[in-house]
Amino acid sequence: MSDWVTRAVELGADAIGCVFFSKSPRYVPEQRAKEICMSLPSKVQTVGVFVNETFSRIMQKIERCRLTAVQLHGQESPELVRDLKRENLLVIKALFVQREPLLKQVSNYNADAFLVEYGRGPLPGGNAVAWEWNQAYEFSKNKPLVLAGGLTPENVSEAVRSCLPDAVDVSSGVESSPGKKELAKVESFIDAVSRCLILLEPDRKKMRRIF
């Protein structure tokens, strides 16, 4: 298991994600994903990140890599979300401010949670584009919100305070280069989230930290 994965779990990360989108610099080959997932304690969610993939291909990865959750980061159909939920998986659907599916389309999806980010850039995610996170504040009042998009150790506290998400998702913000996590940044990011939560408690429920 990578040093940064081990350290993230030690510091309290609730989930670790493996990207199965081959065009991403963060793509994880199946065998490597299996090794990572099987090495994690049972309390940590193992999340497969998919973009416009078929049900059968997703289920293949779930079974081979022992995933417990899926994050759908493309233009997946409501029917795919429904079918995956029937498999007793935690299903997270990405919604965007700048491209479809938009925030206002949330009622189309019966997902367990919604990852919200700006949606500008060449990749479906991980473009390091910060945005006005408070645009998701009203959304967070009614739906489980996973906040993403341009989060870094320096700004994650501001982002959390602006919209009170249920979780945060970070990738490029803790990297030294695309796809290369930097241990010190991972530690700083989780520390910033933890310190922010101390200030928010007891008025805010414990927020989960999703990677």
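Annotations for the structure displayed:
- Sequence-distant contacts, meaning Cα pairs under 8 Å at least 6 residues apart, place the relative contact order of the chain at 18 percent.
- In this simple spin-label approximation, residue 138 and residue 77 carry label points 7 Å from Cα along the Cα→Cβ vector, and these lie 3.1 nm apart.
- Counted over the chain with a bin width of 10 Å, the fraction of Cα pairs per bin, in whole percents, is 9, 37, 40, 14, 0.
- Proximal lysines relative to residue 93, as straight alpha-carbon distance under 18 Å, when same-chain residues fewer than 8 apart are discounted: 61, 85, 104, 141, 143
- A simple spin-label model places the labels of residue 32 and residue 161 3.7 nm from each other, with each point 7 Å out along Cα-to-Cβ.
- Sum of side-chain charges, residue 58 neighbourhood, beta-carbon under 14 Å (Lys, Arg +1; Asp, Glu -1): +1
- Available extension along the chain between residue 112 and residue 56 is 18.1 nm, counting 0.36 nm per residue and deducting the alpha carbon span.
- Under-5 Å amide H pairs with residue 45, H placed in peptide plane, nonlocal only: 15, 16
Bear in mind these aren't lab numbers, they're just calculated from the coordinates by the rules spelled out. Computed from a predicted model, the values in this text were never measured in an experiment. Please note: Cβ atoms are built from the backbone with ideal geometry, for glycine as well, and neighbour counts cover all protein chains shown.
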